[in-house]
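S.K.: Structure provided below as structure tokens; questions to follow.
The values are calculated or read from the model by the stated rules, or taken from the named source; none is laboratory data. Nothing here was measured: the structure is a model prediction, and the numbers come from that model. When we count neighbours, we look across all protein chains shown, and the Cβ atoms used for this are built from the backbone with ideal geometry, even at glycine.
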Amino acid sequence: MKAIVTVVGQDKVGIVAGISKKLSDLHINIHDISQTIMEGYFTMMVLCDLSASELEFSQIKEELTEVGEDLGVKVRIQRQETFDTMHKL
């Protein structure tokens, strides 16, 4: 299963490293990543493959929420199908 992870918060050192490390620890592969800084706010979208992870989607969501809290950013994860459906015009 593929998913989209979004990260938003005040820019600071270590956000990309922290999120990437957590994804690696959960055996989640990054397929694509986009990030930018807008007026001091960090934003990132990551397309991930969850198929190698042993955790349920809800557990992955909890883990990413926790790392986001540790980093001081908001982290959301959505299944790719849900994301695609929500963003079709």
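S.K.: Output the residues belonging to region 1-33 that are farther than 19 Å from E69 by Cα and assigned to a strand (DSSP E or B).
M.R.: Residues satisfying the conditions are K2, A3, N29, I30, H31, D32, I33.
S.K.: Within region 39-89, which residues are at pLDDT below 95, part of a helix (DSSP H, G or I) and touching a strand residue (DSSP E or B) at 6+ places or on another chain (Cβ under 6 Å)?
M.R.: If the condition is that a residue be at pLDDT below 95, part of a helix (DSSP H, G or I) and touching a strand residue (DSSP E or B) at 6+ places or on another chain (Cβ under 6 Å), then Q80, F83 are the ones that fit.
S.K.: Exposed (fewer than 14 other Cβ atoms within 10 Å of the Cβ) and assigned to a strand (DSSP E or B): does that describe T36?
M.R.: Yes; evaluated as a whole, the condition is true for this residue.
S.K.: If you don't mind, there's one more thing I want to ask. Just name the residue that is surrounded by the fewest Cβ atoms within 10 Å (Cβ to Cβ) out of those in region 5-19 that are among the hydrophobic types (A, V, I, L, M, F, W, C) and under 13 Å from Q35 (Cα atoms).
M.R.: Only one residue tops the list, namely A17.
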